[in-house]
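S.K.: Would you mind keeping the following structure in view while I ask a few things?
The values are calculated or read from the model by the stated rules, or taken from the named source; none is laboratory data. The shown structure was predicted, so the numbers you read here are calculated from the model rather than taken from an experiment. No Cβ is skipped: glycine too gets one built from the backbone with ideal geometry, and neighbour counts run over all protein chains shown. Areas reflect the complete protein model, heavy atoms only, side chains present, ligands, DNA and RNA absent. Shrake-Rupley method; radii C 1.70, N 1.55, O 1.52, S 1.80 Å.
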Amino acid sequence: MFSPSGSDITIHNQSAGVMKTSLTMNLDYHMAHHGRKVLLIDMDPQASLTVFMGLEPAELEQTIASSILNEASLGSAIAEKIFGH
């Protein structure tokens with residue numbers, strides 16, 4: 001689903017309190033505002049980015065953690081959110 005001309009940006013740092021969540025949210029907001037397609041994947045066990053985006057992790061049907069623990073594919077869940085099917 002990635003175009004050859006697309007870009008992948010990963011923001012990670014093991015240290016706490018270094019503004020990873022704030023940077024990610026604001027960077028992606030501005031990229032989307034300028035017409036770029038963005039996909040946020042929150043790998044933080046605290047789910048800070050998920051909460052920042054107005055979602056309640058406990059209410060989600062499928063998460064990264066459930067996918068890893070149950071060895072289930074996230075592909076169909078992501079496609080459903082993006083394409084509506």
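S.K.: Checking the condition in a loop (DSSP other than H, G, I, E, B), hydroxyl-bearing (Ser, Thr, Tyr) and either touching a residue at least 40 places away in the same chain (Cβ under 8 Å) or out of contact with any Asp or Glu (no Cβ under 7 Å at 6 or more places or on another chain) (or both), which residue from 73, 67 passes?
M.R.: Sole residue among the options that is in a loop (DSSP other than H, G, I, E, B), hydroxyl-bearing (Ser, Thr, Tyr) and either touching a residue at least 40 places away in the same chain (Cβ under 8 Å) or out of contact with any Asp or Glu (no Cβ under 7 Å at 6 or more places or on another chain) (or both): 73.
S.K.: Let me ask something else. Are there any pairs with C-beta distances below 7 angstrom linking a residue in region 1-20 that is within 14 Å of residue 49 (Cβ to Cβ) and open to solvent by less than 80 Å² (accessible area, probe 1.4 Å) to a residue that is among the hydroxyl-bearing types (Ser, Thr, Tyr) and at pLDDT 75 or above, with the two at least 6 apart or on different chains, and if so which?
M.R.: Note: pairs meeting the criteria are 11/24.
S.K.: Can you tell me which residue in region 31-53 is most open to solvent (accessible area, probe 1.4 Å), limited to those that are touching a residue at least 24 places away in the same chain (Cβ under 8 Å) and assigned to a helix (DSSP H, G or I)?
M.R.: If we take residues in region 31-53 being touching a residue at least 24 places away in the same chain (Cβ under 8 Å) and assigned to a helix (DSSP H, G or I), then 52 is most open to solvent (accessible area, probe 1.4 Å).
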